[in-house]
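One structure is given here, and the rest of the page talks about it.
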Amino acid sequence: MYLYNSLTHKKELFTPNDPSLVKMYTCGPTVYHYAHIGNLRTYIMEDVLEKSLRYLGYPVKRVMNITDVGHLASDADTGEDKMLKGAKRENKSVLEIARFYTDAFFADCDKLNIKRPDVVEPATNCIAEYIHMVQTLLEKGKAYVAGGNVYFDTSTLDKYYVFNDHDEEDLAVGVREGVEEDTNKKNKNDFVLWFTKSKFEDQALKWDSPWGVGYPGWHIECSCISMKHLGEDLDIHAGGIDNAFPHHTNEIAQSESYLGHKWCNYWFHVHHLNTDSGKMSKSKGEFLTVSLLEQKGYDPMAYRLFCLQSHYRRNLVFSWENLDNAAVTYEKLVARIAALKPEGSVDEEAFRQLKQRFVSALNGDLNTSVAVTSVYDVLKAKCSDATKLALIQDFDQVLSLNLLQAAQTLREKQAAEAAAQADPEIDALVAARTAAKKEKNFAEADRIRDELKARGIEIIDTPQGTKWRKV
Ligand code: AMP
Ligand code: ZN
């Protein structure tokens, strides 16, 4: 499988450290509010990556954190803890907020067929691990204490900006924009590993540490949770593109300084879901959730299809019109699958050839839009319906669009509608009209049609025979 690696800026043949277990880490949600559909785009594409790896024969262990402490209003370590902001907004405790929005996040994931990672770890579970890593970084001379906080010292690194070739000054200015400068920092990019002092004295969750009572920085959570469950060598680290800097940059800095060797080989970044007015973001207050889409009558599968139709490394623009198009496409696709009959045997050669196209799409840097097109190739192919159904079932292990289940539901609905319409007397009249037409007794056929019309029945002649419906 070829995957674009943000670390090397090119597509590379994916080669795990140990093919018997791919180790994958995903940055989890900050549970101070509902996930918006932009966040969920990232989780959908990460889900497709994990399922593709499994489909291609790699066993995967995937770990995700739940950020329930330490993510401040600005990713550059300033402002109030987002969790505390959420708790104040709703007049609840931080733990209540965390529990409520963690459950809401997984309920949304279920609706979108996003598989739960093998390990899900709340950040507040791993305080001992953070303290150990911070202590080691201090002992190695990679960190320092200033103004009560512990900072990572970026001047100890050979290279800090690992993901881009930007001019360092430009980036640093970008980070500082609108953010007050922390005068404790020795270097502009240094970041907090452990807080004991902040101007927000009412931080809800605090723990004892060698540096005083405080709480961890956001970045250290992912490094420690990953190492706790996946060890010192990680194959893939995934997240939204906004996490590349500073979050992932800082994760690499502290992890590799702690370990003394390279940590993660492949960095997978999903680009943003934008609206006309820019990036969808929780902090802007107004955002779209899966529940809102459902309230408006959309099947969450239409949103999943909408995401799969575009490449994960392109920004995706959300509009209701675009979602409507995806919803219509989904309905039509399901209707075509519902028309297939589970008859005939599976043609192994056709199966192999059609599957090959799907596999190549996944292998080409997770080209999900081509993978979706492979389903249409199957529908158009000259092979038995049994082969087509077997292929669609196979592809849906990765696409997770509920294609066969939705087709079955549609067939049941159509059968129920037909049953509601059943009327033996009308059937007999329709049959008599068909017989009259066959005998070229058109006067009788027309008479029956008129009689049916008078009873409020419309006759529809189709290539499959005559049908009728009440009007
Ligand atoms: P958060 O809950 O804010 O920590 O974000 C959860 C995930 O969603 C992270 O991987 C972010 O990078 C990602 N993310 C945030 N905003 C967007 C967006 N508009 N489109 C896609 N992914 C996003
Ligand atoms: Zn993270």
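The values are calculated or read from the model by the stated rules, or taken from the named source; none is laboratory data. Just so you know, these numbers come straight off a predicted model, no measurement behind them. Don't worry about glycine lacking a Cβ; one is built from the backbone with ideal geometry, like all the others, and counts go over all protein chains shown. Accessible surface is based on the protein model in full, side chains and every heavy atom, while ligands, DNA and RNA are left aside. Shrake-Rupley method; radii C 1.70, N 1.55, O 1.52, S 1.80 Å.
Remark: relative contact order (the chain) = 17 percent; criterion is Cα-Cα distance under 8 angstrom and separation of 6 or more residues. Between Lys413 and His261, the modelled label-to-label distance comes to 5.6 nm, taking each label 7 Å out from Cα in the direction of the beta carbon. Checking the Cα-Cα distances for Lys88/Lys206; Lys88/Lys111; Lys197/Lys279; Lys188/Lys228 against a 21 Å cut-off, the pairs over it are Lys88/Lys111; Lys197/Lys279; Lys188/Lys228.
A viscosity of 1.306 mPa s and a temperature of 10 °C, combined with the Kirkwood radius over Cα pairs in Stokes-Einstein, give a translational diffusion coefficient for region 290-414 of 104 µm²/s. With Cα atoms as the point set, the radius of gyration and Dmax of region 16-270 evaluate to 17.7, 51 Å. Report, in deg cm²/dmol and to the nearest 500, the calculated mean residue ellipticity at 222 nm for the chain, where each DSSP H run with n ≥ 4 adds -39500 (n - 2.57) and the sum is divided by the residue count. Estimated from H runs of four or more residues: -15000 deg cm²/dmol. Taking each residue as 0.36 nm, the span from Arg314 to Arg99 lengthens on full extension beyond its C-alpha to C-alpha distance by 74.1 nm. Each of Asn91 and Lys438 was given a label point 7 Å from its Cα along the Cα-to-Cβ line. The distance between the two points is 7.5 nm.
Straight-line reach from Lys437: taking Cα to Cα under 24 Å and skipping same-chain neighbours fewer than 8 places apart, the lysines in range are Lys453, Lys467, Lys470.
Between Asp233 and Lys467, the contour length at 0.36 nm per residue exceeds the alpha carbon distance by 77.8 nm. Seen against the Cα atoms of the chain and their longest principal axis, helix 218-230 is set at about 70 degrees. If you wrap the tightest convex hull around every Cα atom of the chain and split its volume per residue, you get 174 Å³. Legend: distances between Cα atoms for Lys142/Lys186; Lys51/Lys262; Lys142/Lys262; pairs beyond 23 Å are Lys51/Lys262.
Note on region 423-470: the alpha carbon radius of gyration divided by the globular reference 2.2 N^0.38 Å gives 1.03. Simple rule: put +1 on each Lys or Arg Cβ and -1 on each Asp or Glu Cβ in the chain, find the dipole, and look at Tyr160, Pro216, Ala338; the Cα lying farthest toward the positive end is Ala338.
Among the lysines of region 289-430, pairs at least eight places apart or on separate chains and with Cα atoms under 19 Å apart come to 12. Could you look at the chain and say what percent of its accessible area is carbon and sulfur, using a 1.4 Å probe and all protein chains? On the chain, the fraction of accessible area on carbon and sulfur atoms equals 50 percent.
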